[in-house]
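Q: Sending over a structure as structure tokens; questions will come in a sec.
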Amino acid sequence: MHERITVLFLITLILAGCAGAPLSMPGDSSMMADMMGPEDSRISVPAGQRMLIATMTDRAHERLTDGRPINAMDMGGGVLLPPAYRDFLADLQQRYGIRRVADWPLKSIGVRCFVFEVVGERDRAQVVEALGKHANIETVQVMQRFKTLAGGYDDPYGKLQHSYQDMAVEETHRWATGKGVNVAIIDTGIDTGHEDLKGQFHESRNFVDQDQAQFEQDLHGTAVTGVIAARTGNSKGMSGIAPSARYWPLKACWSQRPGELAAYCSSFTLAKAINFAVSKQVDIINLSLAGPPDPLLERLVGKALEREITVVAAMGPEPSLRFPASMAGVIAVEQGEGGNETEGRLVIPGENILSTRPGDEYDFFTGSSFSTAQASGLIALIKERKPHLSNDKIEQLLGAGEARYRTLSTPPAAGLNACRLIARLVGAVCNENRSKRD
């Protein structure tokens, strides 16, 4: 273990582009095989500004493919496609100037998701409008880009976890540690072998590429995860808010450059990850990212909420870039001084939060990504004690005035008192000498 902590003050990051911005993909010019999954294990998606996403109902897809699984087809020409499917793709290319580069089943909402590239000089907006009228196409939209928003135990760095102490988390662990709660962290990859994180993960998936080495070196996902999941009482590093929960690292974002905190995600990668989390019926989905409104992702997040999965998302700084936190029913989290909640958002301090970084190291991070992680950890504690509590009730509980505290920092800020929240649920009383911050 490195005994050195590099203090890194990072500003909150905002979305770097909109629908027309270049879609940077890992591996320079392509998404690798695992992004496509078994259905498209030989198809890559090149970077560029001309990507579209379309959906087709499962029924229409089965009709065109004669019900044959996509992995039995060779899109490269070795095995003949079903005639109706082959003719469909050829017609799209001729009529609209687009070519299919990938597709993926989104079973949670009953559709097949296609990625098309506009070829030649055709205007993408015009193609979107025209393609939307096709009899076999259910919906069509541009590929959009999202960005991550970073800016008593014997754990040696515990005294540096100011937010953790202000929340009175250690006191709270008498009653709840997140046991039995499943948390999907949709982010970049995570250092699953980190000394403070190993053993915390149930199942991981990479919806971006097949680069496992890079998965383990990704910074943003590792830092977000440490806030929630770091093991306690192991004489290592720090403590997480919900150390006994089961974590599902789902990589849907990639770093702009290796070792950087800034990371990007696309409509397609996020759709696959959210669909997977919904299919596994996790309890919480953590989305420390934001971007523009996205119709396909809205359907998937809506399906998660319909199934009483709690979705926690970071608020972007600009009103037009606050999706999916802007959706009704999503727990929207903003970095800042708590106690000023308006417009349905939860404000949690997120400055200089100690967390894990790849290679058994630790650092301080700032941004609403880490405020969001704190909220997800606290919700995991709530769900351990009250697994059937509705999302509406959880949101009301988090907004209760009696659950607030005033930090001891100068100037003081406000945040959530985990001890009071959980004590209220179990009919207990906090040790006021340790948890009261008023």
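Q: Quick one: in region 206-218, of everything that is in contact with a Lys or Arg (Cβ under 7 Å, 6 or more places away or on another chain) and outside any helix (DSSP H, G or I), which residue is nearest to S244 (Cα to Cα)?
A: To start, the set of residues in region 206-218 that are in contact with a Lys or Arg (Cβ under 7 Å, 6 or more places away or on another chain) comprises 206-208, 215.
Still in the list and also outside any helix (DSSP H, G or I): 206-208.
Values: N206: 23, F207: 26, V208: 28 Å.
The residue in question is N206.
Q: If you don't mind, another one. Could you count how many residues in region 365-396 are within 28 Å of E318 (Cα to Cα) and surrounded by 20 or more Cβ atoms within 10 Å (Cβ to Cβ)?
A: Number satisfying all stated conditions: 16.
Q: Also: Only residues that are modelled with pLDDT of 95 or more and among the basic types (K, R): list them for region 199-240, please.
A: Passing the criteria: only R205.
Q: Determine the pairs where a residue that is under 19 Å from P258 (Cα atoms), located within region 199-211, has a partner that is assigned to a strand (DSSP E or B) with Cβ atoms under 8 Å apart, the partner being 6 or more residues away or on another chain.
A: If the second residue must be assigned to a strand (DSSP E or B), the pairs left are N206/K251; F207/L250; F207/K251; V208/K251; V208/C253; V208/W254; D209/W254.
Q: Can G259 be described as over 22 Å from I274 (Cα atoms), at pLDDT below 95 and crowded, with 24+ Cβ neighbours inside 10 Å?
A: Criteria not met by G259.
The values are calculated or read from the model by the stated rules, or taken from the named source; none is laboratory data. The structure presented is a predicted model; accordingly, all values stated were derived computationally and were not measured. Note that we place each Cβ from the backbone using ideal geometry, even for glycine, and neighbour counts take in every protein chain shown.
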